[in-house]
Amino acid sequence: MKTVQGVAASLAAVSLLFTVPAQAAGMSQAEKLRRLDIMLMVTGLRCRTTADNFQADYGRFTTKHLGALNAASNELKGDMARRYGAAGANRALDRLSVTMANTYGQGHPWLGCGELKQVARGLANAQGTAPLVEAADQLLAEGGSPKLAMSRR
């Protein structure tokens, strides 16, 4: 069983030193979770040939939070179906996924592979959906600090 300090240290790795951007604040929780998953998947693929390969941590993240990630995907698809109809929802989700993949295909704009590895490891250890949403608010920002809060402790 993990200690409280160990869990706190893991979660601290996902706490970044900047405020929540307006763009993330306007997204639904479901969209934030979907975008977080895509960002980690794409950057994980990009970092897999480096010393900071975090594919295993990403795998643990998706395994542990599969229920929340699937529920978010289903909720997002339902929201889009109400707005665009069934066929339009599939196209809108495809556009979202491709846009996110393209956004992070060249890497995260302000985090390197080592920092993303810490984030993925922390999220793999996180309990519940709230830390995932908080991490999405921070990680999906267009700009931010590359220093993790844990590095200052």
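Numbers for the structure displayed
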| read-out | value |
| --- | --- |
| Some residue of segment 40-57 being part of a loop (DSSP other than H, G, I, E, B), modelled with pLDDT under 50, loosely packed, with under 13 Cβ neighbours inside 10 Å and of a type in the set (S, T, N, Q) | no |
| Some residue of segment 98-113 being modelled with pLDDT under 90, surrounded by 16 or more Cβ atoms within 10 Å (Cβ to Cβ) and not aromatic (Phe, Trp, Tyr) | yes |
| Among (1) surrounded by fewer than 21 Cβ atoms within 10 Å (Cβ to Cβ); (2) touching a helix residue (DSSP H, G or I) at 6+ places or on another chain (Cβ under 7 Å), the one test that Arg83 misses | (2) |
| Long-range neighbours under 6 Å by Cβ, at least six apart or interchain, first residue more than 8 Å from Leu40 (Cβ to Cβ) within segment 112-123, second surrounded by fewer than 20 Cβ atoms within 10 Å (Cβ to Cβ) and not hydroxyl-bearing (Ser, Thr, Tyr) | Cys113/Asp52; Gly114/Asp52; Lys117/Asp52; Gly122/Leu11 |
| Residue match in segment 129-152 (condition: at pLDDT 95 or above, surrounded by 18 or more Cβ atoms within 10 Å (Cβ to Cβ) and touching an Asp or Glu at 6+ places or on another chain (Cβ under 7 Å)) | no |
| Residue within segment 68-84 that is closer than 22 Å to Pro131 by Cα, at pLDDT 95 or above, not in a helix (DSSP H, G or I) and not hydrophobic (A, V, I, L, M, F, W, C) present | no |
| Answer from Ala8, Ala25, Ala13 - the residue that is farther than 21 Å from Asn102 by Cβ and either modelled with pLDDT of 95 or more or more than 15 Å from the chain's Cα centre (by Cα) (or both) | Ala8 |
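The values are calculated or read from the model by the stated rules, or taken from the named source; none is laboratory data. What you see is a predicted model, and the numbers here were worked out from it, not measured in a lab. Because the Cβ atoms are built from the backbone with ideal geometry, glycine has one as well, and the counts that use them run over all protein chains shown.
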